[in-house]
Amino acid sequence: MPLDYPIHDHTLANGLRVVVSPDHTVPVVTVNLWVGVGSRHEAPGRTGFAHLFEHLMFQGSRSVAGGEHFAALMAQGGRLNATTWFDRTNYFETVPIGALELALWLEADRHGHLLAAVTQENLDNQRDVVKEEKRQRYDNQPYGNALVDVYAATFPDGHPYHHPTIGSMADLDAAGLDDVHAFYRRHYAPDNTVLTLVGDVDVDSALDLVERYFGGLDHRARPDGKRSAQLPPVEGPVRVDRFDDVPNDRLHLAFRLPAEGSDDYLAASLALDCVAGLTSSAMVTRLVRREQVATSIGAHAMGFVDGSSLGLVVADIAAGHDADRVEEEIAAELTRFAESGPAPELVEAVRAQAERGWLSALASGEERADLISQYTLLHDDPQYINTALDRILAIDASQVHRAAREWLRPQHRVCVAYLSRDADAEGAAA
C-alpha cells in the first residue's frame with residue numbers, strides 16, 4: 001500500500017517554504033527548520049562558520065536572552081537541539097501543542113534578529129566552546145579524525161566536501177565580528193529556509209501562526225546557488241596511514257558516489273549494502289565469520305548534493321592479523337562483486353532492509369519532519385517521504401551491478417588506515 005502522509009506545501013511572500021503534515025496521534029508538534037547553509041558554503045579561510053552559528057543561535061537574539069530558548073521550551077516539556085552538516089544547518093524542537101506559538105516566536109526572533117546578540121563577548125565565548133567540542137569529539141577520541149582524513153583524501157583541495165563541518169580552529173581565531181555578521185546576513189533568511197511542522201495541528205491555523213511570526217521577516221539570502229559537476233571515481237587506489245593509540249587497527253575505505261537525488265545514487269547505496277551492509281554479505285561472511293581476520297565490517301552511503309556523495313566500508317582488524325592483508329582481501333571481494341554482480345535474493349534482502357529502516361524513521365514524528373525538511377530544501381520534493389520506497393524498490397539487480405562496476409571497484413578506493421603505534425614502531429625497527 002503506498003504511503004500517504006498528508007503534505008501541505010506553502011510559500012510565504014518573503015520566500016519561507018512551509019510544509020505542514022498533520023498527525024493527531026498525540027498532542028505534540030515538531031517544529032523543524034532547515035537552513036540552506038552548511039560547511040560546503042564556506043569560503044577558504046572562513047571554515048567552521050556554519051557550525052559556529054549552530055552555537056550562536058542559542059546565545060540570545062533581539063528579544064531573547066542567552067540560554068532562554070532552551071529554558072523556555074524545556075519548561076513547557078519540550079526537547080530541542082540543532083545540528084550542522086555539509087549541506088545544511090537544522091534547528092528543531094518537539095513541544096506540547098500548547099507551546100507551538102512560543103516555539104515559533106522564539107525561532108522567528110533568532111532567524112530574523114540574531115545579530116543584536118552576536119557581540120564580541122558571545123563570539124569569543126562560543127569560539128571557545130567549539131574548540132572544546134573539537135578536542136572532545138575529534139582530537140581525544142579513538143579514530144576521532146578518521147572522517148576528516150577521509151574527506152580530505154577523497155575530495156580535491158577546494159572542493160565543497162574537502163574540509164569537515166567542524167572547520168579550522170585557525171580560521172575561527174582569525175574571524176572578526178564583521179565576518180561573522182556578514183555570514184549570517186548572507187545565508188540566514190526566509191528564502192533560504194524550510195520550516196516543517198509535523199504533529200497535532202490544523203493546517204490553516206498553523207499557517208496563520210507561521211505568517212504571524214515569520215511573515216514580517218523581509219531579509220533575502222545571497223547564496224551562490226550553484227552546484228559542482230559530478231566528480232568521477234577516484235583514480236587510485238589512495239592510502240593514508242595514521243598511527244595512533246587505538247584499540248585495534250581500523251580501515252576506512254571510501255568511494256565517491258553519484259550525488260544524492262538520482263536513481264544512480266540509490267543503486268550505489270544498495271550496492272554498498274550488498275557488499276558489506278548485511279551480516280549475510282559475502283565479505284562479512286568470509287572475513288568476519290569464517291576466516292575471522294576482522295571483528296566487524298560494515299558499509300553505508302552518505303548522501304551529499306554538491307557533485308558527489310560518499311560510500312564507506314569500515315573494517316575493524318582482528319588482533320594478530322595484518323591490516324594490509326585484510327585490505328587486499330576486501331579489494332578482492334569488491335572485484336568479485338563488480339564482476340559477478342549480486343544475486344537477486346541479495347538485492348531483495350537489502351531492499352527489505354532499506355524499507356524497514358525507512359518505515360522505522362517515518363514512525364517518529366521528529367524524524368519525519370526532518371526528512372520532509374531535507375528533501376524540500378535540497379531536492380524541492382516535500383512528497384519524497386511518500387514516494388521514496390517506490391523508487392528504492394524499483395531498483396533491480398542490473399542497476400546495482402552497474403553501480404558497483406562504475407563506482408565500487410577497488411582501484412577507485414581511498415583507504416584511511418588507523419593503525420596502532422606498536423605497528424609503527426615494528427615497521428621502523430624492521
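The values are calculated or read from the model by the stated rules, or taken from the named source; none is laboratory data. Quick caveat: nothing in here was measured; it's all calculated off a predicted structure. Cβ placement follows ideal geometry from the backbone for every residue including glycine, while neighbour counts extend to all protein chains displayed.
Just wondering, is there one or more residues in segment 189-212 that are within 20 Å of Ala116 (Cα to Cα) and at pLDDT 95 or above?
Scanning segment 189-212, I find at least one residue that is within 20 Å of Ala116 (Cα to Cα) and at pLDDT 95 or above, so the answer is yes.
Quick check on my filter: what residues within segment 382-408 are surrounded by fewer than 18 Cβ atoms within 10 Å (Cβ to Cβ) and in a loop (DSSP other than H, G, I, E, B)? Those that are surrounded by fewer than 18 Cβ atoms within 10 Å (Cβ to Cβ) and in a loop (DSSP other than H, G, I, E, B): Gln383, Asp396. Gly60 meets the conditions (1) within 24 Å of Ser228 (Cβ to Cβ); (2) touching a Gly at 6+ places or on another chain (Cβ under 8 Å) in every case but one. The failed one is (1). Checking the stated criteria, Val118 turns out to be in contact with a His (Cβ under 7 Å, 6 or more places away or on another chain), surrounded by 19 or more Cβ atoms within 10 Å (Cβ to Cβ) and either in the same structural domain as Phe304 (by TED's automatic domain parsing) or closer than 23 Å to Ala189 by Cα (or both). Filtered by the rule that a residue be polar (S, T, N, Q) and in a helix (DSSP H, G or I), segment 265-299 gives Ser269, Thr285.
Restricted to segment 37-71, and to residues there that are of a type in the set (Lys, Arg) and buried (at least 19 other Cβ atoms within 10 Å of the Cβ), the residue that is nearest to Ala221 (Cα to Cα) is Arg40. If you check Leu195, Leu147, which single one turns out to be surrounded by 13 or more Cβ atoms within 10 Å (Cβ to Cβ), over 30 Å from His412 (Cα atoms) and touching a residue at least 12 places away in the same chain (Cβ under 8 Å)? After applying the criteria, what remains is Leu195. Ala43 meets each of the listed conditions (1) small (Gly, Ala, Ser); (2) more than 22 Å from His379 (Cβ to Cβ); (3) touching a helix residue (DSSP H, G or I) at 6+ places or on another chain (Cβ under 6 Å) apart from (3).
The set of residues in segment 361-370 that are of a type outside the set (Lys, Arg), part of a helix (DSSP H, G or I) and farther than 27 Å from Leu346 by Cα comprises Gly365, Glu366, Glu367, Ala369, Asp370. Does segment 55-64 contain at least one residue that is in the same structural domain as Leu147 (by TED's automatic domain parsing), among the basic types (Lys, Arg) and over 30 Å from Pro164 (Cβ atoms)? Yes, because at least one residue in segment 55-64 is in the same structural domain as Leu147 (by TED's automatic domain parsing), among the basic types (Lys, Arg) and over 30 Å from Pro164 (Cβ atoms). Limited to segment 290-316, what total is found for residues that are under 30 Å from Ala229 (Cβ atoms) and either in contact (Cβ under 8 Å) with a residue 60 or more places away in the chain or in contact with a Cys (Cβ under 7 Å, 6 or more places away or on another chain) (or both)? Number satisfying all stated conditions: 10. The set of residues in segment 139-194 being β-branched (Val, Ile, Thr), part of a helix (DSSP H, G or I) and under 22 Å from Leu33 (Cα atoms) consists of Val180 alone.
The residue that is farthest from Phe337 (Cα to Cα), among those in segment 246-294 that are crowded, with 20+ Cβ neighbours inside 10 Å and among the polar types (S, T, N, Q), is Ser269.
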